[in-house]
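Every number here is computed from the coordinates shown, using simple stated rules; none is lab data. From a predicted model like this one, the values you see are computed outputs, not experimental measurements. Neighbour counts are summed over all protein chains in view; Cβ atoms, including those assigned to glycine, are modelled from backbone coordinates with ideal geometry.
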Amino acid sequence: MIILFLATSLTGINSPVSLLTPMHEASGEKVTIVDSGIKEIESEKTVQSTEEIVKNYFADAPIMVEIARCESTFRQINSKGEVLRGVVNSRDVGVMQINERFHGDTAEKMNVDIYSIDGNLEYARHLYEKQGTKPWKASEKCWKGKGNV
């Protein structure tokens, strides 16, 4: 929620004057007058969780959702705000635990940033389309038999 103070003293007019631009009105934000000197903007947009992002991205491949659950418990970043790294292998990164050693160069050539949520999912889809679930065999006990596999 964003609160804006109105610039009534700048105009010399005793009534409130909006500082909002047409961009605010077109952005889907809800504007509410709180009192004569403050406007409150409440965004109607919501931030998706990593789990929701994964589920939407792999709606056509539910096994990949299960793999993400098993590999990272739907986390792209750790508690310090850094890209999540694997416990067993610290070269595994992100929500899909893409291994830097084996896939970093290829991802770079594809111009895919495996350290971002979008790039991590994009590269995981690339792997899945080429190799199926084989790259995630180490966590198979967790996801096998779930998500239509």
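Quick notes
- Nearest-20 debye value, segment 50-143 charge dipole, Cβ charges on Lys, Arg, Asp, Glu: 320
- Loop-resident sites, segment 48-149, for trypsin sites (Lys or Arg not before Pro), counting at most 13 other Cβ within 10 Å (DSSP): Lys80
- FRET efficiency for the pair Ser49 and His126, taken as 1/(1 + (r/R0)^6) with r the Cβ-Cβ distance and R0 = 22 Å, rounds to 0.40.
- Amide proton proximity set for Asn99, modelled H, under 5 Å, gap of 5+: Val93
- Each of Asn120, Pro62, Cys142 was placed along the dipole of segment 50-143 (beta-carbon charges, centred on the mean Cα), and the one lying farthest toward the positive end is Cys142.
- Per-residue HN-Hα couplings for segment 77-87 [Karplus 6.51, -1.76, 1.60; θ = phi - 60°; Hz; x = Gly/Pro]: 10, 8, 5, 8, x, 9, 4, 5, 10, x, 6
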